[in-house]
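Okay, so here's the structure we're looking at.
The values are calculated or read from the model by the stated rules, or taken from the named source; none is laboratory data. All values derive from a computational prediction rather than experimental measurement. Positions of Cβ are generated from backbone atoms using ideal geometry, with glycine treated the same way; all protein chains shown enter the neighbour counts. When the accessible area is computed, the model is the full protein with side chains, heavy atoms only, and any ligands, DNA or RNA have been set aside. Shrake-Rupley method; radii C 1.70, N 1.55, O 1.52, S 1.80 Å.
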Amino acid sequence: MSTATLTPPARPSAAGRLLRRVWRQPLPVRIGGVLVGILVFAAVFAPLLAPYGQNDLDFNAQLQGPSLAHPMGTDDTGRDVFSRTLYGLRIDLAVVLFITYVPLPIGVLMGAIAGYFGGKVDLVISRIIDITIAFPFIVLVIAIVAIVGPGLTGIMIGVPIVAWALYARLARSEMLVLREQPFMLATTALGYTRRRAILRHAVPNLMRSSLIYSTVDLVVNLLLLAGLSYLGLGMQPPNAELGTIIAEGQANLLNAWWITTLPGLVLVVFGVGVGLIGDGLSDGELRGGGA
Amino acid sequence: MTLYVLRRLALSVGVLFGLAVVTFFMIHLVPGDPVQLALGGRGTPEAVAEVRGQLGLDRPLLTQFGDFLGGVVTGDLGLSVAQNAPVTEIIGQRLAPSAILIVYGLFVALVIGVPLAIIAALRPNGVVDNGIRLVTTFAFAMPAFWLGLMLALIFGLSLKWFPVSGYESGIGGILRTLTLPAVTLGLSLAVVVVRTLRSSLLEVLQTEYIDAARSRGLGEWRVVGRHALRNAVMATITVLSVDIGFLIGGTVVVESVFQIPGAGSLLVESVRARDYELVQAIALIAGAAVVLLSLATDLLQATIDPRVRLAKR
């Protein structure tokens, strides 16, 4: 038995606690965190980090290979591919955050409603989910982009219209289990309104698995966004976006491989980083207290 | 079995009807006006009204829907204004390359995915398993269009083994022109095959009947190949049926990279040409293909495994 007086340890700052918690995660999660962290940092501070403007033409430096002056080389109008990639990543990540996290709460809420009420409400919502998921994702998004018109707006409308259904299906199946839990039965016994039961008590519990699934969705959506832009249906030139940079480099694939290869590698690194984090989290190895 | 087939069939018909409803009403519910887009956004009210009349968009909504539905049932999906030809005819000419690409891609995914999954499952968490996991993590993160371009750069432009664009029919032509696209499409699907087949193999390998087979002195090849794989393959079929949509969607991008005249590249061309009738029809056909193919895989599973048809009764 120790007789020393118990003094509470000094609480580390919020940032310090976050860092320590991250450091207790498995190695792949840490590696993934570093990769994603670097790319997010580069994207946020693109205007400060980029050595050139995204559309600065330089006809004395066309199709130059990677060098100290141009780390990712230049394209056929002498634009710096590195700077364009930074700006492209910036817009890509912003749009991807929007098209991933706007449909998520909508889907979770719809799934929660379907699962909570069951019966006819469930039937209607489930059929809408089935039909939305039956379309090949990209085909339905392209069809919506065709109506709204090509561009980022079209994608930011089109993807959420389709993507909520995946979260709704996930949340609905969890809600079916959740609604039988004692604390949910208690909300009925205590006479809480259904709205309060769903929004305050069920939805917070349903968010966790949707948030974990959303890490996969982030990568899928990033590839989708770049793919649509590559097809000319997303970001419109001349502004930089990873898909359009790659598309513009296609004409010079053999004599200027860097224009298509290097921005694509940035996409791969981001995807691998998020994949490592997601794998670690879904393995149930999230250490350091409740999430 | 008959009951299961009928129930499953009824569900598919319901979803097919839903697909028709969505493709039809999308144009009315989503903000934006394809007629204005078709006129380049500068259409005078008179011009817009005229095009609307041509397309029959000025009639009551339910009349339009009735006509549309009647057309769908009889295989008449309207007229492409841009190409001045029946939509079904235009799409019909472009279906073959897409269908062959999908089958070829699936083949590539299985040829790459199944052996890797078996190797990974035999020594879980070994060096090879971790290596395979690393490779699949990378493959998952690769955009299909970028992977296609890289393959075109290496095997097309540098090594000159394959052409980098175009399509030829016939066995030789298909092997020449569709191999790189099929590998592009198949690699991303192989990732899914490896992951699901590996984990379901791991599960099966821990069951008692596998222990029994081993204790009878059967060789490892026979235990895995004949006994374990059969049970593990069901999970993979399920995943593949879910990923049919992914395969069909993938053709859109891959066909555009390799300039294959299929239905996928037609979709992109139609959006650029603002040919909304064609876009609508392709979306509907793609959706219907997914529904019918997943119906087919469900029935296949019910035939292979009696537990499926009995559980869902």
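Neighbouring Cβ atoms from other chains, within 10 Å of the Cβ of residues in B:146-156, number 4 on average.
Counting only protein heavy atoms and a 1.4 Å probe, region B:95-273 has 45 square angstrom of accessible area per residue.
Across peptide B:239-247, the average count of Cβ atoms from other chains found within 10 Å of a residue's Cβ is 2. A 1.4 Å probe, protein heavy atoms only, puts the accessible area of A:GLU180 near 110 Å².
Surface exposure of chain A, expressed per residue as accessible area with a 1.4 Å probe, stands at 47 Å².
Across all C-alpha atoms in chain A, the radius of gyration and Dmax reach 23.4, 79 Å. Pairwise Cα distances in region B:95-273 exceed 27 Å in 36 percent of cases. With the alpha-carbon atoms of chain B aligned to their principal axes, the span from lowest to highest coordinate is 83, 57, 36 Å, starting with the largest. With the charge dipole of the protein assembly as shown set up from +1 on Lys and Arg Cβ and -1 on Asp and Glu Cβ about the Cα centre, the Cα lying farthest toward the positive end among the listed residues A:VAL269, B:LEU16, A:ALA197 is that of A:ALA197.
The helix-based estimate of mean residue ellipticity at 222 nm for chain B, built from -39,500 (n - 2.57) per DSSP H run of four or more residues and divided by its residue count, is -25000 deg cm²/dmol to the nearest 500.
For region B:2-78, the fraction of 1.4 Å probe accessible surface lying on carbon and sulfur atoms is 67 percent.
Mean residue ellipticity, 222 nm, helices only, chain A: the sum of -39500 (n - 2.57) across DSSP H runs of n ≥ 4, divided by residue count and rounded to 500, is -22000 deg cm²/dmol. Note on region A:67-205: with charges restricted to the Cβ of Lys and Arg (+1) and Asp and Glu (-1), its dipole about the Cα centre is near 680 debye. The GNM of chain A, with springs linking C-alpha atoms under 10 angstrom apart, assigns the highest mean-square fluctuation among A:THR261, A:THR244, A:THR193 to A:THR193.
The convex hull around the C-alpha trace of the protein assembly as shown, projected and averaged over every direction, spans 37.8 square nanometres. When +1 charges are put on Lys and Arg Cβ atoms and -1 charges on Asp and Glu Cβ atoms, the dipole computed for chain B relative to its Cα centre reaches about 1240 debye. Chain B and chain A together bury an accessible surface of about 3900 square angstrom, both sides counted, with a 1.4 Å probe and no ligands or nucleic acids included. Could you tell me which of B:LEU149, B:LEU205, B:ILE260 has its Cα farthest along the dipole of region B:95-273 towards the positive end, charges placed at Cβ (Lys, Arg +1; Asp, Glu -1), taken about the Cα centre? Farthest towards the positive pole: B:LEU205.
Once you list every other residue whose beta carbon is under 13 Å from the beta carbon of A:THR187, what net charge do they have if Lys and Arg are +1 and Asp and Glu are -1? Value of the local net charge: +4.
Largest mean-square fluctuation among B:SER199, B:SER169, B:SER215, in a Gaussian network model of chain B whose springs join Cα atoms under 10 Å apart, belongs to B:SER215.
Placing +1 on each Lys and Arg Cβ and -1 on each Asp and Glu Cβ, with no other charges, gives chain A a dipole about its Cα centre of roughly 1560 debye.
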